[in-house]
Amino acid sequence: MKEQFAKKLNNLTNHKEMQPEDKIRALEDKVEREKKLNKITNMIHAAKNINEIIIDLKDDILSLFDVDRITIYAVDGAKKQIFSRVKAGDEVNEIRVPISPNSIAGYTALSQKIVNISDVYDNEELKKISPKISFDSSWDKKTGYKTTQVLAAPIIFNKFLLGVIQVINKKSGQNFTKDDEIPIQEIARILGIAFYNQLRVLQSKKPSKFDYLVSEGKITQKELEAAITDARARKESVENILMRNFKISKGDLGKSWEQYFGCKFVQYNDRAVIPGELVTLLEKNVNFLKKNFWVPLSKKDGKVVIILDDPNNIQKTDLIRQMIQAKDFEFCIAFKEDILSYINLFFGGGGVHTPGSADDDISDILGKLGEEEDDTSENVDISVSEHDSAIVQLVNKTIIDAYNRGASDIHIEPYMGKKNTEVRFRIDGSCQIYQTIPASHKAAIVSRLKIMSDLDIAERRLPQDGKIKFKKYGGLDIELRVATIPTAGGVEDVVMRILASSDPIPLDKMGMTEKNYKNFIDCIIKPYGLVLVVGPTGSGKTTTLHSALGYINKPERKIWTAEDPVEITQYGLRQVNVHAKIGLTFAAAMRSFLRADPDVVMVGEMRDEETASTGIEASLSGHLVFSTLHTNSAPETVIRLLDMGLDPFNFADALLCVLA
């Protein structure tokens, strides 16, 4: 190859029509180019680590071909792709293309032929090379760099494809010539030998849990060795050094571990479902779990998923099988700090300050429950309200944990007999098990919540509703709407809705689209009319109404609200809690409001024809009326109003908007 390159340059300098000074300049160019090519090939030949040397030689290759960009691809045999091992330009982290005729680099790899293109956007030129070949212009759109000329050669050794070298855009703007094809083929040939030798070395080495990072070009072998040395000196994990000093992501480390350990990699998720049954089983072994870095993640259909720091440790996995009896196990790899985070999430943080605080250890609290005298549903003592009771701590911690995890509701679900009580949180619309509580304490938990809600603890046959101002119990300035419901077996369920703050959320923070926000504002600033907010239970209807009221709540406006119960309080609003048992219904409250000089009236819900018709009459007589309906979409609202027996001509005039 070198001889062919020299011969072509000699022919160029011996051309009869060339002037003497042109011959001298061409000869100098020839000598300079040969020097550059020799330097590149000699350094590749001598390199012990090909990853490092091709990065160092990137600028030399760019200079040799007088080009803007270079990409050296390696083969990913498992995915039948080539990926960028070295490239110029930082706009894209990694380029991957399939080994197929559909792209320039892919076609070069598949055909194992050199490709020389003067304009990648010229489809006629591309079709002459192959009918299927095309240029993916999305790369140019992503990077803002325009590709024109491309010269690509396959990297081969003994007919085995090992990669592709590709140079892009001559700085002079000229096309690549036949004289450029010879040196790129020579570099590709030398790279083929180097890639093959490195592959043999890697195959002969003992596997490492960082091999993926090296083979994918995320880090060089030299950098990995430096990280290992640094980790020993600092007494830190190699993973921490790689993430901090070499910007290796957790995800890439996870992929490397998956390849090495042959199992799934799990990252910490603070919204993971707590495996209540397994937590109860291991609640006295929390320190053992922390010391040995493992924790159960879930159990489904008899299969238990365990995360641990070393799935290849047979002694550890055998011990886990002895401690947890199950039909099947799945062992997954995770970071030590993530395992500890899961242990703290499932069992509590282990910190100590105020009873029931977020840092209290749930396993310690449950341990105290075990030490206390068992309660039964027939023998409930009001002493559960004492400050130092484990029941008090457990209730406080449950509420604080629910708030910290973004739960909207807390469900306390006791069962008949000796079956444990389950505590579930509703997070992002789905219920998740938080904890299980010994059956002997189910009545005490319910009684404590009734005391906090100012409900009758002796009445267990009828549903009751109340409210907890949690600040005086646990420090958090939140309120909870509480509903107790008697269930089969003489027990009571408790459901608590968390009202995150007594202040309304600003309307511009509600997450509406810009168009909906503007249209909604236009409606709520009108002097009269009917505004309805609809949706299923828990969808945020009341929160949205209070945000709207907060937007228009000015000293010059008199605003009355009727709610069941009052969940969010606002200064400047006159708020009434309806009591249907004594005749103070939504309709009755609204009729009273109309005699109290209102500008704006808000009714918690239009449950019946009387309330709805009163609201429509009020809106037609110069008042702005807000209310909610339980329908799943805005169009269904019209059907619901008709079903209530309302006059369509009346509510058609009154209705300003329906927000679902």
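Look through the stretch 233-245, keep the residues that are of a type outside the set (S, T, N, Q) and in contact with a helix residue (DSSP H, G or I) (Cβ under 9 Å, 6 or more places away or on another chain), and return whichever of them is surrounded by the fewest Cβ atoms within 10 Å (Cβ to Cβ). Give the derivation first.
Residues of the stretch 233-245 that are of a type outside the set (S, T, N, Q), as a first pass: 233-236, 238-239, 241-244.
Now drop any that are not in contact with a helix residue (DSSP H, G or I) (Cβ under 9 Å, 6 or more places away or on another chain), which leaves 234, 236, 238-239, 241-243.
Values: R234: 10, E236: 13, V238: 17, E239: 20, I241: 21, L242: 25, M243: 17.
Here the answer is R234.
Can you tell me which residues in the stretch 465-503 are open to solvent by 20 Å² or more (accessible area, probe 1.4 Å) and farther than 20 Å from I568 by Cα?
I485, P486, T487, A488, G489, G490, D493
Here is a list: L278, L308, L289. Which entry is in contact with a Pro (Cβ under 6 Å, 6 or more places away or on another chain), open to solvent by less than 20 Å² (accessible area, probe 1.4 Å) and of a type in the set (A, V, I, L, M)?
Only one candidate qualifies: L278.
Which of the following residues is surrounded by 20 or more Cβ atoms within 10 Å (Cβ to Cβ) and either free of Cβ contacts under 8 Å to residues at least 12 places away in the same chain or part of a helix (DSSP H, G or I) (or both): I193, I228, I248, I187? Step through it out loud before you land on a result.
Values: I193 fails: surrounded by 20 or more Cβ atoms within 10 Å (Cβ to Cβ); I228 fails: surrounded by 20 or more Cβ atoms within 10 Å (Cβ to Cβ); I248 fails: either free of Cβ contacts under 8 Å to residues at least 12 places away in the same chain or part of a helix (DSSP H, G or I) (or both).
That would be I187, the only listed residue that is surrounded by 20 or more Cβ atoms within 10 Å (Cβ to Cβ) and either free of Cβ contacts under 8 Å to residues at least 12 places away in the same chain or part of a helix (DSSP H, G or I) (or both).
Please count how many residues of the stretch 391-414 are at pLDDT 90 or above and charged (D, E, K, R).
Summing the residues that are at pLDDT 90 or above and charged (D, E, K, R) in the stretch 391-414 gives 2.
Can you pull out the helices (runs of 4 or more DSSP H) entirely within the stretch 268-340 that have at least 1 residues that are free of Cβ contacts under 8 Å to residues at least 12 places away in the same chain and under 30 Å from S208 (Cβ atoms)?
On the way: elements: 276-282, 286-292, 314-323.
Answer list for the stretch 268-340: 286-292, 314-323.
What is the number of the single condition among (1) modelled with pLDDT under 90; (2) surrounded by 17 or more Cβ atoms within 10 Å (Cβ to Cβ) that G572 does not meet?
(2)
Residue under question is A439, and the condition is that it be of a type in the set (A, V, I, L, M), modelled with pLDDT of 85 or more and open to solvent by 10 Å² or more (accessible area, probe 1.4 Å); does it hold? Talk me through it step by step, then tell me what you get.
Numbers: of a type in the set (A, V, I, L, M): yes; modelled with pLDDT of 85 or more: no; open to solvent by 10 Å² or more (accessible area, probe 1.4 Å): yes.
Criteria not met by A439.
Scan the stretch 505-537 residue by residue and report those that are among the β-branched types (V, I, T) and either out of contact with any strand residue (DSSP E or B) (no Cβ under 9 Å at 6 or more places or on another chain) or part of a loop (DSSP other than H, G, I, E, B) (or both). Lay out the reasoning, then the answer.
Residues of the stretch 505-537 among the β-branched types (V, I, T): 505, 513, 521, 524-525, 531, 533-534, 537.
Passing the criteria: I505, T513, I521, I525, T537.
Exactly one of (1) surrounded by fewer than 16 Cβ atoms within 10 Å (Cβ to Cβ); (2) in contact (Cβ under 8 Å) with a residue 40 or more places away in the chain; (3) closer than 30 Å to N650 by Cβ is unmet by T544. Its number?
Among (1) surrounded by fewer than 16 Cβ atoms within 10 Å (Cβ to Cβ); (2) in contact (Cβ under 8 Å) with a residue 40 or more places away in the chain; (3) closer than 30 Å to N650 by Cβ, the lone unmet condition for T544 is (1).
Among the candidates T561, T585, single out the residue that is touching a helix residue (DSSP H, G or I) at 6+ places or on another chain (Cβ under 9 Å), buried (at least 20 other Cβ atoms within 10 Å of the Cβ) and among the polar types (S, T, N, Q).
Working: T585 fails: buried (at least 20 other Cβ atoms within 10 Å of the Cβ).
Checking each option against the conditions leaves just T561.
Among the residues that make up the stretch 252-260, is at least one of them touching a Lys or Arg at 6+ places or on another chain (Cβ under 7 Å) and among the charged types (D, E, K, R)? Even if it seems obvious, please write down each step before you answer.
Taking the stretch 252-260 as the starting set, the residues that turn out to be touching a Lys or Arg at 6+ places or on another chain (Cβ under 7 Å) are 252, 256-258, 260.
Retained after the next criterion (residues that are among the charged types (D, E, K, R)): 252, 258.
Yes - at least one qualifying residue is present in the stretch 252-260.
State which residue pairs qualify: first residue farther than 24 Å from T537 by Cβ and inside the stretch 627-656, second residue of a type in the set (V, I, T) and part of a helix (DSSP H, G or I) in any location, beta carbons under 6 Å apart, and separation of 6 or more residues or different chains.
From residues that are farther than 24 Å from T537 by Cβ, the pairs are N650/I616; A654/I616.
Tell me which helices (runs of 4 or more DSSP H) are completely within the stretch 1-95 and hold 2 or more residues being modelled with pLDDT under 80 and surrounded by 12 or more Cβ atoms within 10 Å (Cβ to Cβ), or say none if there are none.
Values: elements: 2-13, 20-46, 50-56, 58-65.
By residue number, 2-13, 20-46, 50-56.
Within the group I582, I505, which residue is modelled with pLDDT under 90 and within 18 Å of T628 (Cβ to Cβ)? Steps first, please.
Working: I582 fails: within 18 Å of T628 (Cβ to Cβ).
Exactly one residue qualifies, and that residue is I505.
Restricting attention to the stretch 123-144, report how many residues are open to solvent by less than 100 Å² (accessible area, probe 1.4 Å), under 41 Å from the mean Cα position of the chain (by Cα) and within 19 Å of S111 (Cα to Cα).
Residues flagged as open to solvent by less than 100 Å² (accessible area, probe 1.4 Å), under 41 Å from the mean Cα position of the chain (by Cα) and within 19 Å of S111 (Cα to Cα) within the stretch 123-144 amount to 4.
Looking at (1) over 25 Å from N38 (Cα atoms); (2) within 33 Å of the chain's Cα centre (by Cα); (3) buried (at least 16 other Cβ atoms within 10 Å of the Cβ), which one does T220 not meet, given that it meets all the others?
Exception for T220: condition (1).
Hey, can you tell me all the residues within the stretch 552-577 that are assigned to a loop (DSSP other than H, G, I, E, B) and over 20 Å from G540 (Cα atoms)?
Kept after step one, since they are assigned to a loop (DSSP other than H, G, I, E, B), are these residues of the stretch 552-577: 553-558, 564-572.
If the condition is that a residue be assigned to a loop (DSSP other than H, G, I, E, B) and over 20 Å from G540 (Cα atoms), then K554, P555, E556, R557, K558, Y571, G572 are the ones that fit.
Which condition from (1) open to solvent by 30 Å² or more (accessible area, probe 1.4 Å); (2) touching a residue at least 12 places away in the same chain (Cβ under 8 Å); (3) within 18 Å of V86 (Cα to Cα); (4) not in a helix (DSSP H, G or I) is the one that N175 breaks?
Among (1) open to solvent by 30 Å² or more (accessible area, probe 1.4 Å); (2) touching a residue at least 12 places away in the same chain (Cβ under 8 Å); (3) within 18 Å of V86 (Cα to Cα); (4) not in a helix (DSSP H, G or I), the lone unmet condition for N175 is (3).
For a quick check of your reading of the model, give me the residue pairs whose first member lies in the stretch 550-561 and is among the aliphatic types (A, V, I, L, M), whose second is crowded, with 17+ Cβ neighbours inside 10 Å and in a strand (DSSP E or B), with beta-carbon atoms closer than 6 Å and at least 6 apart or on different chains.
Hits for this filter: I559/L573; I559/V600.
When the stretch 446-464 is examined, which residues are found to be surrounded by 23 or more Cβ atoms within 10 Å (Cβ to Cβ) and among the aliphatic types (A, V, I, L, M)?
Those that are surrounded by 23 or more Cβ atoms within 10 Å (Cβ to Cβ) and among the aliphatic types (A, V, I, L, M): V446, L449, M452.
Kindly list, by first and then second residue, each pair from a residue in the stretch 566-579 that is of a type in the set (F, W, Y) to a residue that is modelled with pLDDT of 90 or more, limited to pairs with Cβ atoms under 9 Å and residues at least 6 apart or on different chains.
Y571/N553
Scan the stretch 125-160 for residues that are of a type in the set (D, E) and closer than 19 Å to D68 by Cα and report the count. Spell out the reasoning first.
Step one: filter the stretch 125-160 for residues of a type in the set (D, E), giving 125, 136, 140.
In the following step, the residues that additionally are closer than 19 Å to D68 by Cα were identified as 136, 140.
Residues meeting the conditions: 2.
Can you tell me which of (1) at pLDDT below 90; (2) open to solvent by 30 Å² or more (accessible area, probe 1.4 Å); (3) under 19 Å from A74 (Cβ atoms) is the one L161 doesn't meet?
Every listed condition holds for L161 apart from (1).
Open to solvent by less than 20 Å² (accessible area, probe 1.4 Å), in contact with a strand residue (DSSP E or B) (Cβ under 6 Å, 6 or more places away or on another chain), in contact (Cβ under 8 Å) with a residue 24 or more places away in the chain and over 22 Å from P648 (Cα atoms): does that describe F593?
yes
The values are calculated or read from the model by the stated rules, or taken from the named source; none is laboratory data. Fair warning: this is a prediction, and the values are worked out from it, not measured in the lab. Note that we place each Cβ from the backbone using ideal geometry, even for glycine, and neighbour counts take in every protein chain shown. With ligands, DNA and RNA removed, areas are computed over all heavy atoms of the protein, side chains included. Shrake-Rupley method; radii C 1.70, N 1.55, O 1.52, S 1.80 Å.
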